[in-house]
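The values are calculated or read from the model by the stated rules, or taken from the named source; none is laboratory data. Please read these numbers as outputs of a predicted model, since none were measured by experiment. All Cβ positions, even for glycine, are placed from backbone atoms using ideal geometry, and neighbour counts span all protein chains on display. Just so you know, the surface numbers come from the protein's heavy atoms only, side chains and all, with ligands and any DNA or RNA stripped out. Shrake-Rupley method; radii C 1.70, N 1.55, O 1.52, S 1.80 Å.
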Amino acid sequence: MFRIRQRTRQVIYGFMAGASIPVLLLGGLMIYNNAGYEDSKRDLVQHYNDEIARIKQASQSLMVKGWVPKTTIQAGQTIQDADLTPVELPKDSIPDNFVGSKENITGSSAKVVLNANTLITESLLYREAPTPRDLRNREMSFVQLPVALQQGDAIDIRIQFPTGEDYILLSKKKVLSLTDSMLTVTLDEHEILSLSSAIVDAYLHKASIYALTYVEPGLQNGAIPTYPANDQVMKLIARDPNIVKQAETFLNKSSRELLEKGLTAMSPQRSLDFARSQAAAAAASARPASIDELAGDSETAEDANGDGHE
């Protein structure tokens, strides 16, 4: 009995040993396959990462960095660091004269109005000449100004004589400030003397000094001054420096009288009638015409045509 049990146990042990061999082989194979899968997965991920880096590098080589305004920049306005923001654009879609360096933009002035997100190119910028040592601010109230003149506009100041002769006195001056009929520009020493001569000339010969604005100051070059300083006037100024002040006072008075003459040319009653007619026209344009009004207009037109034929 004991021998039978022992033999049975041996058979069981042998069976278990035999059965464990395939299990061990299968486990080893699974471990081997899993290790191979991890290696393949790692290689595949590395390959994808390399491809992504290569594509990104290739795309970056086709992109260039430029600069655009954050908000609208007016013509003649000096561009500051805070006005700019960087952008990346495809190299083959932008002009060759784009400005890639921010330092080459700041301190420059805009030739034309630059809207937000407009790529800045060299042709849109200009730099003003260094400030001369003899440059001074000059206030003038004797110049006849355009109605639509605004601060920041560029103007030529001209002198016109009763004979019809017209000369450019000061070329492309920026209006630094404008209050009522007083404007301020900057002049160098030569321009100051030329202006003094013109003031006295205008006083002696009843000439008028007036201003004209530029249409596109960023794109238009300044005119060349053509006014010849009068030698006799310059001698007169040298003998009596007060003559310039006297002439300027006279021109200021004449300019003001011309303005007031235009303002008072219309009587109060005519001003009131004009205001009423403007209000009536605005009200009429704001509502549709009635059938009766249209019929009346038609009859009026027919009468007018009949009168014309007669």
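Residue 75: under 21 Å from residue 220 (Cα atoms), in contact (Cβ under 8 Å) with a residue 60 or more places away in the chain, assigned to a loop (DSSP other than H, G, I, E, B) and touching a strand residue (DSSP E or B) at 6+ places or on another chain (Cβ under 6 Å), yes or no?
When the stated conditions are applied, residue 75 passes them.
Taking the criterion of being touching a residue at least 12 places away in the same chain (Cβ under 8 Å), among the hydroxyl-bearing types (Ser, Thr, Tyr) and surrounded by fewer than 16 Cβ atoms within 10 Å (Cβ to Cβ), would at least one residue in segment 86-104 satisfy it?
There is no residue in segment 86-104 that is touching a residue at least 12 places away in the same chain (Cβ under 8 Å), among the hydroxyl-bearing types (Ser, Thr, Tyr) and surrounded by fewer than 16 Cβ atoms within 10 Å (Cβ to Cβ).
Look at residue 169 and say whether it is assigned to a loop (DSSP other than H, G, I, E, B) and either within 21 Å of residue 247 (Cβ to Cβ) or touching a strand residue (DSSP E or B) at 6+ places or on another chain (Cβ under 8 Å) (or both).
Answer is no for this residue.
So is residue 295 open to solvent by 50 Å² or more (accessible area, probe 1.4 Å), at pLDDT below 80, in a helix (DSSP H, G or I) and of a type in the set (Gly, Ala, Ser) or not?
Against the criterion (open to solvent by 50 Å² or more (accessible area, probe 1.4 Å), at pLDDT below 80, in a helix (DSSP H, G or I) and of a type in the set (Gly, Ala, Ser)), residue 295 does not qualify.
Tell me yes or no: at least one residue of segment 63-72 is part of a loop (DSSP other than H, G, I, E, B), more than 21 Å from residue 221 (Cβ to Cβ) and charged (D, E, K, R).
Looking for residues that are part of a loop (DSSP other than H, G, I, E, B), more than 21 Å from residue 221 (Cβ to Cβ) and charged (D, E, K, R), one finds at least one in segment 63-72, hence yes.
Kindly provide the set of residues from segment 198-224 that are of a type in the set (D, E, K, R) and open to solvent by 60 Å² or more (accessible area, probe 1.4 Å), ordered by number.
If the condition is that a residue be of a type in the set (D, E, K, R) and open to solvent by 60 Å² or more (accessible area, probe 1.4 Å), then 206, 216 are the ones that fit.
Filter segment 105-123 down to the residues that are without any contact (Cβ under 8 Å) to a residue 60 or more places away in the chain, open to solvent by less than 60 Å² (accessible area, probe 1.4 Å) and not in a loop (DSSP other than H, G, I, E, B) and list them by number.
Passing the criteria: 114, 121.
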